[in-house]
Amino acid sequence: MGIEIILDNCTGCGLCETACPFGQIEVVDKKAVIKSGCTLCGACCEACEFEAVLLDRLVSELASCVLELLGEGRKLADKLGEELAAVLPGHQVEGLCEALFAHGADKVYLAEHESLEAYQTESYTAVLTAVVSQYKPSVFLFGATTTGRDLAPRLACRVRTGLTADCTGLDIEAETGLLLQTRPAWGGNIMATIKTANHRPQMATVRPRVMKKPASVPKRTGEIVRIPAEINPKSIKAKRVEVIKYTDTAVQLDEADIVVAGGRGLQTPENFKMIEELAELLGAGVGASRPAVDLGWKPHPHQVGQTGKTVGPKVYIACGISGAVQHRVGMETSEIIVAINKDPDAPIMRTADYAAVGDLFQILPALIKEISSRKK
């Protein structure tokens, strides 16, 4: 399980080498070679135009934040001298255990049942409650995704423990062994570190893209503990009738290495076409501020900020966004922030690594023209 180079298809073009955000691909003798530090992020697969790089389907089914939590959990477990375990509910998902072990898990609690094929709050809560009650973990981490934000508080209430939401930092206090959970507070104006001294497990949801994925160790193994999925059908209050997937592929903000976002400074929804054109040229996701979403210029899945998605791409380009604190907390972990705004005193300009002061209606067309020319 992992990633594979199909040598017969590989032309040595170097697209995968350029796309790898971790520098783990090298072209040697006109063939791509995967290095040992590959994180299985899949960026090379998307870049390859010759179907020469294949990522195992089961690895690709793991959300990025799962791998990020395994990396951070490994550090915490080592400091505490404890095992790192993952809980895997689902249907016919045992094949994913190998990827979980490869990314740091010592143990996987596996619960398989037909009713767990699609996420439902009641059934998943029942499984996780059984795990906590029997195995009593000291720390339980969730991704601060739509699912994690729904499931974690339900579990915390069921097992009567605390929950720190939307953490951006985790550590172990040396003197007490308590989990130090750091998150933005007061609209992001301060960073609060929270401890759960009296109840277990210590629970937290963690923002995606703020922790680094660990390197994969393909031959690493661990123990699978099977959990009986005893789910009372009467406890399931909701019934899944149909799954309708959102088809706008440009919305994958959580996974994007580059995000181009627009705000109210664009003035009209038609002007968002410049954002989309620039994003397409850069292979980027399209983001929007809350005012732009509230005005109906873009649907909510594009929203970046406290009430939208948290992103942490390599490059975040903010166009016509003033940078209210509610927006900044959703993108301030980006590696490089570029701001385009006519107001030099806008809050986003103080956050930016590179700030262009000027009319975005002149800057964006010039930028699009220059990038198009260079790509040709």
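The values are calculated or read from the model by the stated rules, or taken from the named source; none is laboratory data. Just so we're clear, the structure is a prediction, and the values are computed from it rather than from any experiment. Cβ: placed from backbone, ideal geometry, glycine included. Neighbour counts: every protein chain shown.
Which one of Leu88, Leu141, Leu62 is over 23 Å from Thr164 (Cβ atoms), crowded, with 21+ Cβ neighbours inside 10 Å and touching a residue at least 12 places away in the same chain (Cβ under 8 Å)? Going through Leu88, Leu141, Leu62 in turn, the sole match is Leu88.
Checking Glu277, Glu335 one by one, the residue that is closer than 27 Å to Cys65 by Cα and not aromatic (Phe, Trp, Tyr) is Glu335 and no other.
Okay, residues lined up against (1) at pLDDT 90 or above; (2) of a type outside the set (Ser, Thr, Tyr); (3) surrounded by fewer than 18 Cβ atoms within 10 Å (Cβ to Cβ):
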| site | (1), (2), (3) |
| --- | --- |
| Thr147 | no, no, yes |
| Ala152 | yes, yes, no |
| Leu155 | yes, yes, no |
| Gly169 | no, yes, yes |
| Glu173 | yes, yes, yes |
| Ile190 | no, yes, yes |
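With the structure loaded, tell me whether Ile340 is assigned to a strand (DSSP E or B) and either under 26 Å from Pro21 (Cα atoms) or among the charged types (D, E, K, R) (or both) or whether it fails that test. Yes, satisfied.
Out of Ala111, Ala118, one residue alone is under 22 Å from Arg158 (Cβ atoms), small (Gly, Ala, Ser) and surrounded by fewer than 18 Cβ atoms within 10 Å (Cβ to Cβ). It is Ala118. When Ile321 is tested against (1) at pLDDT 90 or above; (2) surrounded by fewer than 23 Cβ atoms within 10 Å (Cβ to Cβ), exactly one condition is not met: (2).
Among the residues of segment 294-311, those identified as farther than 15 Å from Ala144 by Cα, out of contact with any Pro (no Cβ under 6 Å at 6 or more places or on another chain) and part of a loop (DSSP other than H, G, I, E, B) are Leu295, Gly296, Lys298, Pro299. May I ask you to verify whether Ile348 is in contact with a Cys (Cβ under 9 Å, 6 or more places away or on another chain), part of a helix (DSSP H, G or I) and buried (at least 17 other Cβ atoms within 10 Å of the Cβ)? So Ile348 does not fit the description; no. Looking at Val108, Val131, just one residue is assigned to a helix (DSSP H, G or I), farther than 30 Å from His302 by Cα, modelled with pLDDT of 90 or more and in the same structural domain as Glu230 (by TED's automatic domain parsing), and that residue is Val131. For segment 180-221, the set of residues classified as aliphatic (A, V, I, L, M), in contact with a Ser or Thr (Cβ under 7 Å, 6 or more places away or on another chain) and closer than 28 Å to Phe101 by Cβ consists of Leu180, Met203, Ala204, Val210, Ala215, listed by residue number. The residues of segment 197-218 that are polar (S, T, N, Q) and crowded, with 21+ Cβ neighbours inside 10 Å, listed by number, are Gln202, Thr205, Ser216.
Condition test on Glu94, is it under 30 Å from Leu282 (Cβ atoms) and either among the aliphatic types (A, V, I, L, M) or in contact (Cβ under 8 Å) with a residue 12 or more places away in the chain (or both)? Spell out how you get there, then give the answer.
On the way: under 30 Å from Leu282 (Cβ atoms): no; either among the aliphatic types (A, V, I, L, M) or in contact (Cβ under 8 Å) with a residue 12 or more places away in the chain (or both): yes.
Spelling it out, it is not the case that Glu94 is under 30 Å from Leu282 (Cβ atoms) and either among the aliphatic types (A, V, I, L, M) or in contact (Cβ under 8 Å) with a residue 12 or more places away in the chain (or both).
Residues that are touching a strand residue (DSSP E or B) at 6+ places or on another chain (Cβ under 9 Å), free of Cβ contacts under 8 Å to residues at least 40 places away in the same chain and farther than 30 Å from His327 by Cβ within segment 155-204 comprise Cys157, Glu173, Leu178, listed in sequence order. In the set (1) within 16 Å of Val87 (Cβ to Cβ); (2) at pLDDT below 85; (3) in a strand (DSSP E or B), Ala204 fails one condition alone, (2).
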